[in-house]
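Each reported figure results from applying straightforward, stated rules to the coordinates on display, with no laboratory input. Quick caveat: nothing in here was measured; it's all calculated off a predicted structure. All Cβ positions, glycine included, derive from the backbone under ideal geometry; neighbour counts span all protein chains shown.
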Amino acid sequence: MTHIAYIPFAFPQVPGVHAAFHHRVGEGAAGPKEFGNISFDVGDDPDIVLENRRALKETLGFASWAELKQVHGAAFVPDAAPTRMECPGTLEADGQATDVPGLALLIKTADCQPVLLAHEDGGHVAALHVGWRGNRLAFPVSGVRAFCRRFGFSARELFAVRGPSLGPDKAEFVNAAAEWPASFLEWYNPETRAMDLWGLTRAQLQEAGLLPERIFGIDRCTLSNPGAFFSHRGNPGSGRQASLIWIAKK
C-alpha cells in the first residue's frame with residue numbers, strides 16, 4: 001500500500017471526532033506532485049492520484065468522503081453528500097458540514113488554510129477552505145454561522161483547528177493596498193510585505209463567536225517546508241494535500 005503521512009489532531013473533550021492533516025512523504029520529495037498528491041486537477045497521473053486517495057481512506061479508516069470543487073468563495077453546503085474517490089468533486093463550494101458518522105469532509109490545499117470545526121457534543125463537524133480571498137470575504141465568519149444555523153447551536157459550543165498553510169511572514173502581497181480593503185491592513189506587515197493570515201483567521205473565528213481557548217492551529221508553513229507540504233507559491237504546478245474531519249462510527 002502507498003505510504004501516507006499525516007498529522008493527527010484530537011479536539012480536547014470532544015469524543016468521537018477525528019481530524020487529520022495529510023502531507024507529502026519525505027524531506028527529499030523531488031517534484032511538484034511527489035509524493036502523495038490527492039488532486040485530479042493539477043495534471044498528475046490519475047492512477048497515482050486514485051491510489052493515493054484509496055491509501056488515505058484505508059490508513060485513516062473513514063467510511064466515505066465528501067469532496068467539493070473549491071472556488072475560493074464563501075458558499076457553504078450544510079448537508080454534505082458522499083462523493084466517489086474515482087473522480088473530482090463537482091459541487092462548487094468552499095465549506096461543508098455533516099452529522100453523519102463515517103463521512104469525512106475533505107478540504108484540498110497547497111497554501112490556503114484548512115479550518116476544521118467540531119461541536120462539543122462530538123456529533124456535528126464542518127470543514128472550510130479559506131484562501132486569502134476567503135479571508136477577504138470573511139468566510140470563517142459566514143461559514144461558522146451557516147454551520148450553527150443548520151444545527152441550531154451557538155458558536156461558543158464549537159472548537160476549531162487551522163491546518164498547515166502559508167505562515168505569517170510568507171503570505172506576500174506586493175500590492176496589498178489594492179488587493180485588500182483598508183480594514184484588513186492591520187494584518188499586513190509592510191516590512192515583510194506579508195499578511196498574517198493565521199492571525200486574521202483566528203480573529204474572524206472569534207468574530208463568529210468561538211471562544212479564544214477553543215481555537216487551535218497547526219503552525220507549519222507550507223512554503224517554508226517544501227519537503228513536507230505542497231505549496232502553490234513554491235511551485236505553481238504543485239499537488240494538493242488533504243485535510244479531513246469525520247465523526248467515528250459507533
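Counted by Cβ distance under 11 Å from ALA118, the other residues give a net charge of -2, where Lys and Arg count +1 and Asp and Glu count -1. Charging the Cβ of each Asp and Glu at -1 and of each Lys and Arg at +1, and nothing else, the dipole of segment 118-222 about its Cα centre rounds to 340 debye.
Assuming a ≥ b ≥ c are the square roots of the Cα gyration tensor eigenvalues, decide whether segment 57-193 counts as rounded (a/c under 1.5), prolate (otherwise, with a/b larger than b/c) or oblate. Cα axes put segment 57-193 in the prolate bin. Between ARG54 and ASP99, the FRET efficiency estimated from the beta carbon spacing at R0 = 22 angstrom works out to 0.30. The calculated FRET efficiency for the pair ASP41 and HIS3, based on their C-beta separation and a Förster distance of 22 Å, comes to about 0.45.
Which of the three applies to the chain, rounded, prolate or oblate, going by the alpha-carbon gyration tensor with a ≥ b ≥ c and a/c under 1.5 meaning rounded? It comes out oblate by the Cα gyration axes.
Placing dummy labels 7 Å off each Cα toward the beta-carbon, the span from ARG220 to ALA178 is 3.6 nm. What does the C-alpha gyration tensor say about the overall shape of segment 73-124? Classify as rounded when a/c is under 1.5, otherwise prolate if a/b is larger than b/c, or oblate. Since a/c reaches 1.5 but b/c is at least a/b, the shape of segment 73-124 is classed as oblate. Taking the charge dipole of segment 5-247 about its Cα centre, with +1 at Lys and Arg Cβ atoms and -1 at Asp and Glu Cβ atoms, the residue from ILE48, CYS87, THR98 reaching farthest to the positive side is THR98. Full extension of the chain segment joining THR192 with VAL71 gains 40.8 nm, where the gain is 0.36 nm per residue of separation less the Cα-Cα distance. Ordered by the count of other Cβ atoms within 10 Å of each Cβ, fewest first, ARG133, ARG24 give ARG133, ARG24.
Of the beta bridges in the chain, as assigned by DSSP with both residues counted there, near 75 percent are antiparallel. Of the residues ILE245, HIS232, PRO164, the one whose Cα sits farthest towards the positive end of the charge dipole of the chain is ILE245 (charges of +1 on Lys and Arg Cβ, -1 on Asp and Glu Cβ, taken about the Cα centre). This model, with +1 at the C-beta of Lys and Arg and -1 at the C-beta of Asp and Glu, gives the chain a dipole about its Cα centre of some 360 debye.
Packing, as the average of other Cβ atoms within 10 Å across residues, places the peptides 208-218, 165-175, 179-189 in the order 165-175, 208-218, 179-189, highest first.
Take 109-120, 145-156, 224-235, 46-57 and order them by the average number of nearby Cβ atoms within 10 Å per residue, most first; the result is 109-120, 224-235, 46-57, 145-156. Rounded to 0.05, the FRET efficiency of the CYS87 and ARG233 pair, given R0 = 30 Å and the Cβ-Cβ distance, is 0.65.
Between the alpha-carbon centres of segment 152-167 and segment 229-250 there is a gap of 17 Å.
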